[in-house]
Every structure is written in C-alpha cells, then in structure tokens.
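The values are calculated or read from the model by the stated rules, or taken from the named source; none is laboratory data. Given the structure is predicted, the values throughout are model-derived calculations rather than measurements. Every residue, glycine as well, gets a Cβ built from its backbone with ideal geometry; the counts of neighbours run over all protein chains shown. Protein only, heavy atoms only, side chains kept; ligands, DNA and RNA dropped before computing areas. Shrake-Rupley method; radii C 1.70, N 1.55, O 1.52, S 1.80 Å.
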Amino acid sequence: LLLFSFPTVWLLSLGNADTFFGVLFFAALLSYLKAQAHPHLYLLAGFFIGLANLSRLPGLTLMPIIGLHALLVRRKDLRNGYFWLQFLIAIGLFSVWPIRNVLIFGSLRDGHIINELNREGHLLGYIWHNILYYLNPVHSIMLLAIPTVWGLVAYGRRHLLVSIAIPGSMIFALLYHAVTVRFMAVTIPLLFFFTALGIEDAWKKWPRWLMVPFLTLALSVQTGFVCFYSLPQCHAMIDRLDIPLLPKDFGWTQEGFESFQEAVDWIGKIAPPNAELSGAFIGEPDLPVWKDFHRLRSDITARVRFSCEHP
C-alpha cells in the first residue's frame with residue numbers, strides 16, 4: 001500500500017528528515033512490542049525514541065504513546081526496571097537539543113516550537129483548522145479511508161498500540177500553523193495497517209463484484225495522485241483543469257515548485273551573459289540551493305543585496 005501512497009513516495013524521493021524520523025519511530029514501536037518477551041529490548045526502544053526525538057520534535061509523542069499502552073495493556077511491565085530505563089535513555093539523548101539551544105541562543109525561550117506557540121492568532125483556531133485538514137482523506141489516503149475505518153472498528157482494540165499511535169503521532173501537527181501531509185509521514189503507514197486488515201476482512205465478507213471494482217478504483221486514484229504529488233508539472237496541470245471537488249490549496253510543498261522552476265527558466269532565457277541575480281526574497285541560506293539548482297545557467301551569479309527595507 002505504501003507504493004500507492006503519494007506522500008510516502010514523495011518523501012522517499014526527497015530523502016528528508018521525515019523519512020528518517022519514520023524509520024526511527026517504527027523501530028521504537030517494534031522494539032517496545034518485542035520487549036514484552038525480551039525485556040532488555042526496552043533499552044533499544046529507549047535508544048530509538050531518543051534518536052526519533054532528535055530527528056523531529058514529534059518523536060516526543062512516543063513516550064506518552066508507549067506509557068499509555070503499557071498502563072492499559074502491560075501493567076506488569078511497569079514494575080520492570082528496563083521499562084523505566086528506556087525513558088531515561090530517551091530523555092538523555094534528547095537533552096542534547098535543549099543544551100544546544102541554551103549554548104547557542106542563551107535560553108530555552110528561542111526555538112521552532114516556541115515560535116509556533118507565540119505566533120499571531122488564536123491557538124484553538126489553528127488546532128480546529130488543522131483537525132479539519134487532517135481528517136479530510138483527500139489529503140492522505142483518499143478512498144482507502146473506507147477499509148481503514150472498517151479495520152479500525154474491527155481490530156482497533158486488538159491492536160491498541162497502533163490505535164493509540166495514530167492520534168498520538170499527530171499531536172504536534174495540530175499545533176503547527178502550517179498544514180501539510182508530510183507531517184503524516186508516520187501516521188499514514190499506521191493507517192494503512194488497518195487498511196490492510198479492513199481489506200482482508202471485507203474480502204471474506206463482501207461479494208467479489210463489489211470488492212474488485214472498489215479496490216481497482218481506490219488504487220487507481222492513489223496512483224494518479226502519486227503523479228500529482230510527486231511531479232510539479234503534473235500538479236500544475238491538475239491545478240489548471242480546475243476540478244470542482246479538489247481544494248484550491250492542498251498545503252503541499254509541490255504547490256509552488258512548478259512556478260519556481262518556470263521563473264528560473266524565464267531568467268535563463270532573458271538574462272544576458274554573466275548576469276547577476278539578486279532580490280528581496282533571496283536569503284543567505286537560499287544561495288547554495290540556487291547555485292546547485294541545475295536549471296539555473298552556470299554563468300549567472302546569485303547574490304543577496306541588503307537594503308534598508310528588504311534583504
């Protein structure tokens with residue numbers, strides 16, 4: 001199913017921190033599950049939790065996810081020293097981050113999450129807006145939401161860790177002012193776990209004449225959105241078709257990539273030899289990206305010119 005997941009395909013093609021975070025997130029959960037039979041694996045789980053926390057702040061949700069599951073299902077493990085040691089290991093590894101913040105910024109008041117909480121507007125308004133976005137299957141699993149709900153209802157209690165991890169993995173995403181399906185990098189595979197169970201269960205209970213056309217349609221839609229989500233040109237083409245049921249702003253990174261590429265191509269056509277490219281919206285961190293962007297002519301130099309009003 002992950003082969004038909006457009007956010008997953010896109011994130012794997014970029015190889016960014018979300019993909020690495022996903023690997024660590026699932027490694028922590030798997031280690032925790034195996035630790036029921038082999039308690040020393042709690043130490044490995046703590047190691048993965050700590051690294052997940054360092055790779056992305058949503059990794060912090062792993063501790064309450066695991067703690068709540070143990071409280072509901074594995075209470076005897078609460079008396080195991082290895083169980084509590086995993087959290088100490090995780091906190092010890094994550095402590096590198098606030099220590100770094102203090103050394104660089106002089107306090108813990110500066111940082112990404114603090115900036116998110118201090119932004120303009122009401123926090124509850126952002127949370128409600130984000131909930132509506134992420135509950136909309138158009139932004140994630142499309143028609144596969146139907147067997148997913150079926151699987152959750154039928155097997156949610158049996159696989160309680162996954163059930164807890166689905167909303168738990170989205171806590172930080174609800175606080176961010178930006179909404180993008182890349183924040184569901186670990187949530188979508190968790191949903192697909194129940195999608196697979198739902199399809200398997202429905203295959204036994206529903207008639208084939210209904211299941212085969214539905215799965216064909218659902219997977220075809222997913223495949224089409226792999227193109228839409230992964231290729232800027234495809235995204236621009238779909239935007240220009242102005243399909244009524246599709247929202248105008250998906251909140252996806254590809255939304256602006258095609259216009260960026262078109263602008264670079266335009267500069268390449270009209271700029272004279274050895275031209276210098278400067279602008280108010282080009283920052284110092286952007287320069288290496290511009291220089292390594294192979295569609296920009298090699299003779300064009302990108303610079304930042306500071307002024308009183310704009311960088």
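For the listed peptides 231-237, 156-162, 73-79, a ranking on the average number of other beta carbons within 10 Å per residue, highest first, reads 231-237, 156-162, 73-79. Computed from the Kirkwood radius of its Cα pairs, the Stokes-Einstein diffusion coefficient for region 1-82 at 20 °C and 1.002 mPa s stands at 157 µm²/s. Protein heavy-atom accessible surface, 1.4 Å probe, per residue over region 142-233: 46 Å². Packing around the peptides 42-50, 144-152, 266-274, taken as the average count of other Cβ atoms within 10 Å per residue, puts them in this order, highest first: 42-50, 144-152, 266-274.
Once the chain from Met211 to Leu14 is taken as fully extended at 0.36 nm per residue, the excess over their C-alpha distance is 67.5 nm.
Computed over the alpha carbons of region 169-239, Rg followed by Dmax gives 15.9, 44 Å. Along region 233-238 the Karplus relation, 6.51 cos²θ - 1.76 cosθ + 1.60 evaluated at θ = phi - 60°, assigns HN-Hα couplings of 5, 5, 4, 4, 5, 5 Hz to successive residues, with x for each Gly and Pro.
Our estimate of slack between Leu246 and Asp299, defined as 0.36 nm per intervening residue step minus the Cα-Cα distance, is 15.0 nm. Ranked by the mean number of other Cβ atoms within 10 Å per residue, highest first, peptides 166-176, 218-228 order as 166-176, 218-228. Extension gain for the segment Glu276 to Ala196, taken as residue separation times 0.36 nm less the Cα-Cα distance, is 23.4 nm to one decimal.
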